[in-house]
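Note sheet for the following structure.
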Amino acid sequence: MTYCVGLLLNEGIVMLSDTRTNAGLDNIATYRKMFHFENPGERVITIVTAGSLSVTQTTIARLREAVDDIDATEETSIMKAPTMLKVASLIGDTLCKVRLEIDEKLATMKQGASASMIVGAQRRGGPMRLFLIYPEGNFIEATEDTPFLQIGEHKYGKPILDRVVKPTTSLGDAEKAVLLSMDSTLRSNLSVGMPLDLCVIEKDACEVSRLRRIEAGDESFRTMSEAWSRALRDGFTQITL
């Protein structure tokens, strides 16, 4: 399993993913689940993925193949699509087609495959957009009322986002929020694991502004995790019934 989260804020987009792939207790591996498509200053698209690795890898490969095609058009390439809504539609269509193809191959074994994605994107002159793409290819969009989206093992990391994340949240506080959200998930679910990939896209930059790979044993992450644990324990002891 996995955990990925994306925040849509007034100052930009923040996205975080883990890298653990779990196919049983004796088959745990690390795979990147964050992917970037960029034309700096013109367009940026970041995708994080959860679910069947065969579905997500094939979908990303087909999206890249369509981008690199010399005959690419607005109807086939996410780097040429006229709007971010069209980008979400192209990604959704590709994801759905791949899932159905793999499902058909797995049908004889009475198995299935599924995957979902979060897409953060902006084109020059357009607004920042954040979409959650479902396995069926349909999608929803982050709004001012709900400025964050999650996929995978989301329940453990949702409470802190519900309490602290607003569109006015600064990018610095947003990084802290998604990392603490991930920390809660790491503590509660062994199917989510490090390293972590963190991405920041500043508003109107139309490029990835900051990337960070957080390895197991990262000192700053450990310090933050311990400080959060102390704060929770202190808060708990101060509450009276």
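Just so it is clear, none of the values below were taken in a lab; they were calculated from the coordinates. Model, not experiment: these values are computed from the prediction. Note: ideal-geometry Cβ built from the backbone for every residue, glycine included; neighbour counts use all protein chains shown.
For this structure, a couple of remarks:
- For region 3-235, the fraction of alpha-carbon pairs in successive 10 Å shells from zero, as %: 8, 32, 36, 19, 5, 0, 0
- Backbone HN-Hα couplings from phi across region 69-74 [Karplus 6.51/-1.76/1.60, Hz, Gly and Pro as x]: 5, 5, 9, 4, 10, 5
- Segments 88-101, 71-84, 186-199, 220-233 sorted - mean Cβ within 10 Å per residue, highest first: 88-101, 186-199, 71-84, 220-233
- Taking 7 Å steps out from each Cα toward its Cβ at Glu141 and Glu207 produces label points 2.7 nm apart.
- Exceeding the 26 Å Cα-Cα cut-off - candidates Lys155/Lys203; Lys86/Lys158; Lys80/Lys176; Lys33/Lys80: Lys155/Lys203; Lys86/Lys158; Lys80/Lys176
- Extending 7 Å from Cα along the Cβ direction at Ala231 and again at Arg163 yields two label points whose distance is 0.9 nm.
- Integer Hz, Karplus 6.51/-1.76/1.60 couplings in order for region 41-54, x for Gly and Pro: x, 10, 6, 9, 9, 10, 10, 10, 10, 9, x, 4, 5, 5
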